[in-house]
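To start, the structure itself, in structure tokens.
Every read-out reported here was derived from the displayed coordinates using simple, explicitly stated rules and does not represent laboratory data. For clarity, every value in this text was computed on a predicted model and none was experimentally measured. Backbone-built Cβ (ideal geometry, glycine too); neighbour counts: all protein chains shown.
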Amino acid sequence: DAKTTQPPSMDCAEGRAANLPCNHSTISGNEYVYWYRQIHSQGPQYIIHGLKNNETNEMASLIITEDRKSSTLILPHATLRDTAVYYCIVRAYSSGSARQLTFGSGTQLTVLP
Amino acid sequence: DSGVTQTPKHLITATGQRVTLRCSPRSGDLSVYWYQQSLDQGLQFLIQYYNGEERAKGNILERFSAQQFPDLHSELNLSSLELGDSALYFCASSVEAGVQTDTQYFGPGTRLTVL
């Protein structure tokens, strides 16, 4: 799976959009971009994933650049409960192979009141 | 609530002992994954089971073993415990290995403290 690079920390004001970047310059055509978050030692929580099109769900939006070398997770109206470590994970699809997630260091997002 | 349950929530034991952590996957999920999160190592994949069979191994020590039962629940057995085994242990489940967008859902974890 391709390696990802994320800033170690970011702050965001409550009520504003939080934009979390991720670089994955070595991503290949069959690799998906997944985002998870972990709130203070709780189990990682799935947020969203995508291949090449932008995706949106009730939690967030995922914007993937046209060359797929980077992506941005957008939390449209951050709340204090969004304070967490956010992990960007690139994961290949390969039939019958192991499907584990490889977590990096992630971005510590702190939402400020 | 992800639908994945793990017991116990906390476990305190002594060096040299053996413990068993239990995971019940979401209804319908066939794959179970175990991950370890320690302070200095981050989240690391240990082992995966799919429908009762071992599918993949990660950085799992020989003192650790796992199995998945016919009802699809899984147990992670840790033996000859050392201080360094103190960590959070997470279980995750997904519908099926090999599915293109196979999302893993994590349980709340078991916090193991070895004294």
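To check you understand DSSP bridge types, tell me what percent of the beta bridges within chain B (both residues inside) are antiparallel, rounded to 5.
Rounded to the nearest five, the antiparallel share is 90 percent.
Less than 21 Å apart at the alpha-carbon level, and either on another chain or at least 8 residues along: which lysines does that give for A:Lys69?
Partners within reach: A:Lys3, A:Lys52.
Could you derive backbone 3J(HN,Hα) for region B:33-43 from the dihedral phi with the Karplus parameters 6.51, -1.76 and 1.60 (θ = phi - 60°), listing whole Hz in sequence and x where the residue is Gly or Pro?
For region B:33-43, the Karplus-derived couplings read 10, 10, 10, 10, 10, 10, 4, 9, 10, x, 7 Hz, x marking Gly and Pro.
Which whole number gives the average, over all residues in A:100-109, of C-beta atoms from other chains lying within 10 Å of the residue C-beta?
Counting Cβ atoms of other protein chains within 10 Å of each residue's Cβ and averaging gives 4.
Per residue of A:38-49, how many C-beta atoms from partner chains lie within 10 Å of its own C-beta, taken as a mean?
The mean count of partner-chain Cβ atoms within 10 Å per residue comes to 5.
Give me the Kirkwood hydrodynamic radius of chain A in Å, from all C-alpha pairs, to one decimal place?
Evaluated on chain A, it is 14.2 Å.
Whole-Hz ³J(HN,Hα) for each residue in region A:38-44, computed from phi via Karplus 6.51 cos²θ - 1.76 cosθ + 1.60 with θ = phi - 60°, x for glycine and proline: what do you get?
10, 8, 5, 6, 6, x, x
Which order do the peptides B:8-14, B:55-61, B:105-111 come out in when sorted by mean C-beta neighbours inside 10 angstrom, highest first?
The packing order, highest mean first, is B:105-111, B:55-61, B:8-14.
Which whole-Hz couplings ³J(HN,Hα) result when phi for each residue of region B:14-29 is put into the Karplus expression 6.51 cos²θ - 1.76 cosθ + 1.60, θ = phi - 60°, listed in order with x for Gly and Pro?
10, 4, x, 7, 10, 9, 10, 9, 10, 9, 10, x, 4, 4, x, 7
Using the Cα centre of chain B as the reference point, and only Cβ charges (+1 on K/R, -1 on D/E), how large is the resulting charge dipole? Debye, rounded to the nearest 20.
260 debye
Distances longer than 13 Å among the Cα atoms of region A:16-64: what percent of all pairs is that?
The share of Cα pairs beyond 13 Å in region A:16-64 comes to 64 percent.
Take every residue in peptide B:37-46, count the Cβ atoms of other chains within 10 Å of its Cβ, and give the average of those counts.
Going residue by residue through B:37-46 and averaging, the value is 3.
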